[in-house]
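Working notes, beginning with the structure itself.
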Amino acid sequence: GCIKAVGQADVIRDQFSEATFERIIDCSGKCVLPGLVDAHTHPVWAGDRVHEFAMKLAGASYMEIHQAGGGIHFTVEHTRKAAEDELFTSFQHRLDRMLRAGSTLVECKSGYGLNLETELKMLRVMERARKSMDIGISSTYCGAHAVPKGKTATEATDDIINNHLPKLKELKQSGEIHVNNIDVFCEKGVFDLESTRRILQAGKDIGLQINFHGDELHPMKSAELGAELGARAISHLEEVTDEGIVAMARAKCAAVLLPTTAYMLRLKQPQARKMLEEGVIVALGSDFNPNAYCFSMPMVMHLACVNMKMSMNEALAAATINAAYALGKSDTHGSLEVGKQGDLLIINSSRWEHLIYQFGGHEALINYVIVKGKVIYENERCETMSSY
């Protein structure tokens, strides 16, 4: 399932002149790219929020909807009631749609349980998909996604540290559940800096990578905290300070930028240009969730170029090698190099830029999706149509 050789066609033909192949794909006039990596999603839940989209369009803010019992709380209520099989089926469908849009590795968060029982139910659903599906999954425990009704932030923090994380450690050690990252929504009215620090440190102590939501709606000094704790990545960062950007660059902490969220909530865009100029490792994610319903990393790259002023090369790197870095997987994923996992896309165009340039055009552009050297999606439509 790994890449054996990359290079000029004639050199490779000579090198493998004695070999026989199960399948040869003619890519004349096409492009081969690394599989896309989606560095931030919330894909396991029940209870969509299509009705809230209308409220947002009418001018209601994210926090106004949240405080009125909508937002995360609405989805939590439905996810708690949903059976594990029901969650698994909808999760499978969502992953399939991500795959057809070119994502071969996806970060998946829990966080719509807010109690131990439902958080574990979500993580079990991810574990089932990890074992039964071809797409790569990096799983994240996000029990601190909101403060549960009836609890204060301090009580919720204590519950996570004293009850959730010890149970998670036990299930990790027994091999029942694989969890890679720990996440907290560090935000005014959610988890403050001190609660965030306590939870992230406790997660790090049981071997989880720190990868959390920071500086989205208010400047919280999350970036500075993440750099200090050795975080692998911080997401959102619409309100990050200049000092936070410098701290992240020094700490080699990736910035996972989510152009869909800023677009949907009409927030100011993350300062991608400033981060890149300061040397921050910039990655991209779709932030797929009931608030930002987008499966497509090609659309995310397009929005990053238009709204965050990234170049197409920067956006491609952010959706492949840098997103893999944000998940601690850049040694195996995110680029076409010998020894790395054979995750790739073949697109029906002689120029790879069409994947970004054609806004929403991936359905007729992505010809093949290959994971571990195996074709897992073949798009028949590409054989009968030119991409232009």
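Couple of notes before you dig in:
- Largest first, the residues PHE16, PHE295 sort by 1.4 Å accessible area into PHE16, PHE295.
- With a Förster radius of 30 Å applied to the beta-carbon distance between LYS374 and ASP14, the computed FRET efficiency rounds to 0.70.
- With a 1.4 Å probe rolled over the protein heavy atoms of all chains, the accessible area of MET299, MET308 falls in the order MET299, MET308, largest first.
- Computed helical MRE - 222 nm, the chain, DSSP H runs ≥ 4 contributing -39500 (n - 2.57), nearest 500: -11500 deg cm²/dmol
- Inter-label distance, GLU228 to ALA5: 5.3 nm, where each label sits 7 Å from its Cα along the C-beta direction.
- Per-residue 3J(HN,Hα) values for segment 168-176, derived from phi via the Karplus relation 6.51 cos²θ - 1.76 cosθ + 1.60 with θ = phi - 60°, read 4, 4, 4, 5, 5, 5, 7, x, 6 Hz in sequence order (x marks Gly and Pro).
- The heavy atoms of PHE21 present about 120 square angstrom of accessible area, all protein chains included, probe 1.4 Å.
- Relative compactness, segment 71-183, computed as alpha-carbon Rg over 2.2 N^0.38 Å: 1.06
- Å³ per residue enclosed by the Cα convex hull of segment 225-310: 86 Å³
- Ligands, DNA and RNA aside, ARG351 has an accessible area near 140 Å² when probed at 1.4 Å.
- Peptides 331-338, 269-276 ordered by packing proxy, namely the average of other Cβ atoms within 10 Å per residue, highest first: 269-276, 331-338.
- Table column - 3J(HN,Hα) (Hz), segment 329-338, Karplus curve with 6.51, -1.76, 1.60, x for Gly and Pro: 10, 6, 7, 10, 10, x, 7, 8, 9, 4
- Electrostatic tally near THR196: other residues with Cβ closer than 13 Å to its Cβ, Lys and Arg +1, Asp and Glu -1, net -3.
- Crossing angle, helix 242-251 versus the chain [Cα axis fit, 0-90 degrees, rounded to tens]: 60 degrees
- When each of the peptides 354-361, 174-181 is scored by how many other beta carbons lie within 10 Å of its residues on average, the order from highest to lowest is 354-361, 174-181.
- Working from Cα pairs under 8 Å separated by at least six residues, relative contact order for segment 68-219 is 20 percent.
- On Cα atoms only, tilt of 72-81 relative to the major axis of the chain in degrees: 80 degrees
- Cross-link partners for LYS151 among the lysines, with Cα-Cα distance under 30 Å and sequence neighbours closer than 8 places in the same chain left out: LYS56, LYS81, LYS109, LYS121, LYS167, LYS169, LYS172, LYS188, LYS204, LYS221.
- For SER235, the residues whose modelled amide H falls within less than 5 Å of its own, excluding neighbours fewer than 5 places apart on the same chain, are PHE212, HIS213, GLY214, VAL256.
- When only Cα pairs below 8 angstrom with a gap of at least 6 residues are kept, the chain shows a relative contact order of 21 percent.
- Note on exposure: ASP215, ASP26 ranked by accessible area (1.4 Å probe, complete protein assembly) read ASP26, ASP215, with the most exposed listed first.
- Between the Cα long axis of helix 84-100 and the first principal axis of the chain there is an angle of about 40°, rounded to the nearest 10.
The values are calculated or read from the model by the stated rules, or taken from the named source; none is laboratory data. Fair warning: this is a prediction, and the values are worked out from it, not measured in the lab. In this analysis, Cβ positions are derived from the backbone assuming ideal geometry, glycine residues included, and neighbour counts consider all displayed protein chains. When the accessible area is computed, the model is the full protein with side chains, heavy atoms only, and any ligands, DNA or RNA have been set aside. Shrake-Rupley method; radii C 1.70, N 1.55, O 1.52, S 1.80 Å.
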